[in-house]
Amino acid sequence: MTSTLRRAMSTAAAALVATGALVLAEPAPLAANASACSPGTGVSVVVDFGSLGGGVVTGCYAGDPATGVAALTGSGFTVTGTQRWGLALVCRINGQPTAATEPCVNTPPASAYWSYWHATPGGAWTYSTLGASSYNPAIGTVEGWRFGSGQQPSITAP
């Protein structure tokens, strides 16, 4: 490798680190399920994009995820954290809201953020008291996400 190429690659890597791009996005999972989990097989995930012009999408993390973020990404969703907090604060799910709307530098406003919920199948939603990178969902439960000012997902937990 030439010194010019090495220097260019080093400069590009430094730019990525400086902008926080390396800690913002978790890679998309290799395999995803497009519906709720069968009873006892994993953690179902509901993402309500309603206020962003989309519908409600449900996925399944087959098995026992270590965190809510792992359940979210392992059920087929892409996630972006903030530059300041990384994935400790989910800023975007599947690219929503867009970078033009929310730059994901710091904490989003209370009127426009991804609220995080838990439920049992068919049960009531409970607002999470822990962040998704700290919470450990149990097999057979449902994780919920909704963009807005803290409303629960608009559907019953599947």
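For residues that are of a type in the set (Val, Ile, Thr), over 13 Å from residue 67 (Cα atoms) and touching a strand residue (DSSP E or B) at 6+ places or on another chain (Cβ under 9 Å), tally how many sit in region 113-146. Before the answer, list the steps.
Within region 113-146, the subset of a type in the set (Val, Ile, Thr) is 120, 126, 129, 139, 141-142.
Cutting the leftovers down to over 13 Å from residue 67 (Cα atoms) gives us 120, 126, 129.
Still in the running and touching a strand residue (DSSP E or B) at 6+ places or on another chain (Cβ under 9 Å): 120, 126.
Counting residues in region 113-146 that are of a type in the set (Val, Ile, Thr), over 13 Å from residue 67 (Cα atoms) and touching a strand residue (DSSP E or B) at 6+ places or on another chain (Cβ under 9 Å) gives 2.
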Note to self: Restricting to region 57-91, count the residues that are buried (at least 16 other Cβ atoms within 10 Å of the Cβ) and more than 23 Å from residue 109 (Cβ to Cβ).
What the structure shows: 14
Check: Given the residues 66, 119, 99, which is the only one that is without any contact (Cβ under 8 Å) to a residue 12 or more places away in the chain and of a type in the set (A, V, I, L, M)?
Finding: 99
Next item on the list: Output the residues belonging to region 22-56 that are modelled with pLDDT of 95 or more, more than 12 Å from residue 147 (Cβ to Cβ) and assigned to a strand (DSSP E or B).
Entry: 42, 43, 44, 45, 46
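The values are calculated or read from the model by the stated rules, or taken from the named source; none is laboratory data. These numbers come from a predicted model, not from an experiment. Using ideal geometry, Cβ is built from the backbone for each residue, glycine included, and neighbour counts are taken over all protein chains shown.
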